[in-house]
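Colleague: Before I ask anything, let me first share the structure, which is written out below as structure tokens.
The values are calculated or read from the model by the stated rules, or taken from the named source; none is laboratory data. Computed from a prediction, not measured in an experiment: that's the story for all the values here. Cβ coordinates were reconstructed from backbone atoms using ideal geometry, including for glycine residues, and neighbour counts include every protein chain displayed.
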Amino acid sequence: MRDIKMLLERWGGWAAAGQHGLGYASVAAGFRGLVHARGVKRPVCSDNDGMILDGCISRLMKVNKEQHDILVAHYLYQISLRSIARRRRCADGTVRKQIQTAEGFVCGVLSALECRLECEITD
């Protein structure tokens, strides 16, 4: 079974490192006051893995933009689920369910692609 949280954390570190031309802003819209500059180095995945994961996450945007936005806010911009819930004026549990569904979607797309990611092999 895939550790989808680890994969998405590494994707977030990879996408945040930039230089890939993916078009992610440095701070998520509406969260400018909540995100602080972090000097902590984040784990990253390889460029190949990052592109595969980014493709899966892009498919999520076509299916459910709200879940996509929550996934990106949490894993790319490292905004806590509680802060996301507060900003959206909904319960924490609602956001947790949405992110679990989004993680399941990404995991399902990866399974459908039948590919092994490099960061899964090295761990």
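Colleague: For Val40, indicate whether it is surrounded by fewer than 16 Cβ atoms within 10 Å (Cβ to Cβ) and either modelled with pLDDT under 95 or in a loop (DSSP other than H, G, I, E, B) (or both).
Modeller: yes
Colleague: Kindly list, by first and then second residue, each pair from a residue in segment 40-62 that is touching a residue at least 60 places away in the same chain (Cβ under 8 Å) and β-branched (Val, Ile, Thr) to a residue that is surrounded by fewer than 14 Cβ atoms within 10 Å (Cβ to Cβ) and part of a loop (DSSP other than H, G, I, E, B), limited to pairs with Cβ atoms under 7 Å and residues at least 6 apart or on different chains.
Modeller: Ile52/Cys115
Colleague: Something else: Which residue is surrounded by the most Cβ atoms within 10 Å (Cβ to Cβ), if the candidates are limited to segment 96-123 and must be among the basic types (Lys, Arg) and in a helix (DSSP H, G or I)?
Modeller: Among them, the one singled out is Arg96.
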